[in-house]
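Engineer: Dropping the structure in here first, questions after.
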């Protein structure tokens, strides 16, 4: 780091600072054992400010430019030294160069999860992280409030404090936002603006500003995300009964393609049935006109369980009832086409007339039989 040129022995003629570290915010110009010559040249480059501290007090702040350190350029220092009629003697002061460029890509994140109340899932734990940029806008205030007498102050020394301020405000806003967790990803820009605005007064009291603030991710705990993945998968599957039939048929086809064992048996059975049908044979391979061999006695297939229905009566759910019970209620006038019904696996409540199984209960009754003729 090339910092300065010192000419003239113990007197400082030229004061300047160049920095290529990209993380130094404040650098104290070395003046120990030396005095600043009256009329010395002070160079302040773009993105810098020079702060003069005289006897522990903030004396002057210089922005970018080339200055001759004379009475007219040091009005505050002149008053502190009571130089009413000017001076031409060397003087002692501490000079701090402050980097006023923007420090980008600073990280922030929640160290511990933030508890928020979600309208759908209830209390949830949320983590978040992102980036922000920082800039010194008031070098004098930054020196007095943060740096003090630190000879070389880096951005890491202030970024930890800024992270605490950011996380505190982010936690407060997330907890009170009322926005569902699943919608937070669509509102990160809004959250970022709200957090940046909320922390700006505190940051300004340090002589800083936050030009950019970003929320890159808002996430849930791993176990909650796994449950959401399962829920999404169930939504994609849809009708579980139809999916079960599809899965069973896929399993049979895969088994028929396996060599040997049950797979070969199933494949052979399917192939024999297909071959017999193509050859004009009966279901058991018999030629038409000849008696087919009797099939082996097989057990009947299992009975399907009866579907049970819940019905909505005066805003309350009743049941579950079987079809026979619903038929009796229909005869009694307590069950009609407009009655809302629901059963397991059904997507919400529906009128009974929209259910094919139940619509049959409301078919038009036959007319009364004709009278018996008198003999």
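Conditions (1) under 21 Å from residue 221 (Cα atoms); (2) in contact with a helix residue (DSSP H, G or I) (Cβ under 7 Å, 6 or more places away or on another chain); (3) at pLDDT 90 or above, marked per residue:
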{"residue": "133", "(1), (2), (3)": "no, no, yes"}
{"residue": "139", "(1), (2), (3)": "no, no, yes"}
{"residue": "149", "(1), (2), (3)": "no, no, no"}
{"residue": "165", "(1), (2), (3)": "no, yes, yes"}
{"residue": "171", "(1), (2), (3)": "yes, no, no"}
{"residue": "174", "(1), (2), (3)": "yes, no, no"}
{"residue": "182", "(1), (2), (3)": "yes, no, no"}
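Engineer: Hey, another quick one. Any idea which of (1) more than 30 Å from residue 41 (Cα to Cα); (2) at pLDDT below 90; (3) out of contact with any helix residue (DSSP H, G or I) (no Cβ under 8 Å at 6 or more places or on another chain) is the one residue 118 doesn't satisfy?
Structural biologist: With (1) more than 30 Å from residue 41 (Cα to Cα); (2) at pLDDT below 90; (3) out of contact with any helix residue (DSSP H, G or I) (no Cβ under 8 Å at 6 or more places or on another chain) applied to residue 118, the lone miss is (3).
Engineer: For region 1-40: of the residues being at pLDDT 85 or above and part of a loop (DSSP other than H, G, I, E, B), which is surrounded by the most Cβ atoms within 10 Å (Cβ to Cβ)?
Structural biologist: 17
Engineer: Which one of 129, 191 is at pLDDT 90 or above and more than 30 Å from residue 27 (Cβ to Cβ)?
Structural biologist: Of 129, 191, the one residue that is at pLDDT 90 or above and more than 30 Å from residue 27 (Cβ to Cβ) is 129.
Engineer: Oh, and also: Condition check: outside the structural domain of residue 206 (by TED's automatic domain parsing), in a loop (DSSP other than H, G, I, E, B), surrounded by fewer than 20 Cβ atoms within 10 Å (Cβ to Cβ) and at pLDDT 75 or above. Does residue 43 satisfy that?
Structural biologist: no
Engineer: Pick out, from region 117-228, the strands (runs of 3 or more DSSP E) lying fully within it that include 2 or more residues that are free of Cβ contacts under 8 Å to residues at least 40 places away in the same chain and loosely packed, with under 13 Cβ neighbours inside 10 Å.
Structural biologist: Answer list for region 117-228: 122-136.
The rows are residues; the columns are (1) modelled with pLDDT of 85 or more; (2) loosely packed, with under 13 Cβ neighbours inside 10 Å; (3) more than 26 Å from residue 142 (Cβ to Cβ).
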position: 51; (1), (2), (3): yes, no, no
position: 59; (1), (2), (3): no, no, no
position: 73; (1), (2), (3): no, no, no
position: 81; (1), (2), (3): no, no, no
position: 88; (1), (2), (3): no, yes, yes
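Engineer: Scan region 159-174 residue by residue and report those that are under 30 Å from residue 30 (Cβ atoms) and in contact with a strand residue (DSSP E or B) (Cβ under 7 Å, 6 or more places away or on another chain).
Structural biologist: Across region 159-174, the qualifying residues are 159, 162.
The values are calculated or read from the model by the stated rules, or taken from the named source; none is laboratory data. Here the structure is a predicted model, which is why all the values come from computation and not from measurement. Positions of Cβ are backbone-derived with ideal geometry, glycine not excepted, and every protein chain shown enters the neighbour counts.
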